[in-house]
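Student: Sharing a structure here in structure tokens format.
The values are calculated or read from the model by the stated rules, or taken from the named source; none is laboratory data. Bear in mind the structure is a predicted one, so any value in this text is a computation, not a measurement. A quick note on method: Cβ atoms are made from the backbone with ideal geometry, for glycine too, and the neighbour counts reach across all protein chains shown. In case anyone asks, the SASA skips ligands and DNA or RNA and just uses the protein heavy atoms, side chains included. Shrake-Rupley method; radii C 1.70, N 1.55, O 1.52, S 1.80 Å.
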Amino acid sequence: MSGVDAINSTQQMEMEPSARAIRSRKRWWLLPAAVALAFALLQGIGGPRITFGGDSESYALISLRLYGTPEAQARQEIAYATCLDKARSVEWGSAVDPLRFRTPGSSQDLRRACATQQVQAPTARSLRYEAIFNGRVGYPLLAGLPIKLFGISHGLWVTSVAVTALGGFLVAVLLAEAGLGTAALLAGELIFLLGPLGRWGVYPLAEGALNTAVVATLLGAWWLLQRRLLLGGTVCLLGLAAVVTVKYSGGTLMAACLAGAGVGCMVTVRRYRHAGSAILAVGGAFLAAGVWLLSSALGLPGLSETLQDTFTRHFHHRPVDGVWGLLAQLEVVCWREWLRLQASAPALLLAAALGLWLLFRRRPALGWLAVAAAGLGLSTIVAHPLVYEADRLGALMWMPAVLGLPFLLDGVLRTEHSETPHPPEGGALCR
């Protein structure tokens, strides 16, 4: 090893964490848990933010089926829940309207109509739309008990709030394992919960469950990179399995992105040329291929079917020919508009760029994992180039900011304490 390599290796060893001090403090997790609980309580005060319908209805139907509700009854309950949500929306609109708030009236007529409406048999169009969701059983499985306790629309929302709060806590765990102090890891948790990942995660959709599964996968991958092979491999595999059950297409993409992260670590950082990185790289590639083959063997709808859904507006229009050519054209339109919107409000681009710079300067392995998560968000938009939904579909592009910006606060705090003996990385929680 040359002198320069030796210096670089020594610096990396000094900068990489030792989570021993973190694990020795048995109650370090209480503050992150309190923050997650406070987030969930505040969401409870605020209530659901969107009217139940669309994709949410499909997830609710799957959940009711999984827990034994007969098909006709499930559809009737979902139609009733959708109608009630519309009634609540009418009531809220009247209550805040400056022309009607003094005499907002009532939506009792609409509520009575909800109780007596008849559900029509599903059409071929609606069945084709629902089939896209049939393989996404993870979120509906989680929502079963909340739906029984709180009703369909509120049950889905409670599930999303709970898993998003858990995702914020897991972000804190990941940053703690990366050696950050209490203030810095709480900052990362708050960026996750209060930013776009938390905002979209609490909708009655699968995004909250997906984001949390991705964070769990990153935690396992981090342990793999720290040579904790059994724990890391188990957590990473379980996290990736959760991603697959929530969105099987996302599982394929996430596994491929993790493979790229493993290769990136081995190529760019000498000390990561070990078994953990190899497992991440090779295992990610094999799992990506395996998930794709399994979904094809099970006959689950692929990208061509979801593109038909896109170009027919959920199959309300006639099927189109040449979806791949249309996709290429729509990509140009979508990304041109996306860049224009980002230029007018470049928070994502600046925060992600700064986060990645800090990560590759302080924790290059964590930087590659952040790139993997952002890659899933980016590829999701590529597969569904809908500029009006890009914020939701690409919310994981905020992960470099979530994981990287806390290092800025950590650096400030280390500077303030520079007169005291410098603690080893990973012992920041014991300050």
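Student: Enter the angle in degrees (range 0 to 90, nearest 10) between the Cα long axis of helix 152-177 and the first principal axis of the Cα atoms of the chain, meaning the one along which they spread out most.
Tutor: 0 degrees
Student: Restricting to DSSP H runs of at least four residues, report the calculated mean residue ellipticity at 222 nm for the chain, -39500 (n - 2.57) per run over all residues, nearest 500 deg cm²/dmol. Working shown, then result.
Tutor: Details: 22 runs with 317 residues, N = 431.
When only DSSP H runs of four or more count, the value is -24000 deg cm²/dmol.
Student: If one takes the longest principal axis of the Cα atoms in the chain, at what angle in degrees, from 0 to 90 and to the nearest 10, does the Cα axis of helix 138-150 lie?
Tutor: Approximately 60 degrees, to the nearest 10.
Student: How high is the relative contact order of segment 142-284, in percent, with contacts defined as C-alpha pairs under 8 Å that are six or more residues apart?
Tutor: Relative contact order for segment 142-284 comes out at 18 percent.
Student: May I ask you to give the solvent-accessible area per residue for the chain, in square angstrom, as obtained with a 1.4 angstrom probe? Please report the intermediate quantities before stating the final value.
Tutor: Details: 20590 Å² over 431 residues.
It amounts to 48 Å² per residue over the chain.
Student: While we're looking at this one, here's another question. For the pair Leu300/Ala131, report the inter-label distance in nm, with labels modelled 7 Å from Cα in the Cβ direction.
Tutor: Using points 7 Å along Cα→Cβ, the separation is 1.6 nm.
Student: Once the piece of chain linking Leu31 and Leu229 is laid out straight, how much longer is it, given 0.36 nm per residue of separation minus the C-alpha distance between them?
Tutor: 68.5 nm
Student: Here's something else I'd like to know. Using the alpha-carbon atoms, what tilt in degrees (0 to 90, nearest 10) does helix 55-66 show relative to the longest principal axis of the chain?
Tutor: 90 degrees
Student: Ranked from the most accessible area to the least, with a 1.4 Å probe and all protein chains present, what is the order of Asp97, Asp410, Asp391?
Tutor: Values: Asp97 40, Asp410 0, Asp391 85 Å².
From most accessible down to least: Asp391, Asp97, Asp410.
Student: Once the cut-off is 15 Å, how many percent of the Cα-Cα pairs in segment 55-115 end up in the long-distance tail?
Tutor: Summing the P(r) of segment 55-115 above 15 Å gives 57 percent of all pairs.
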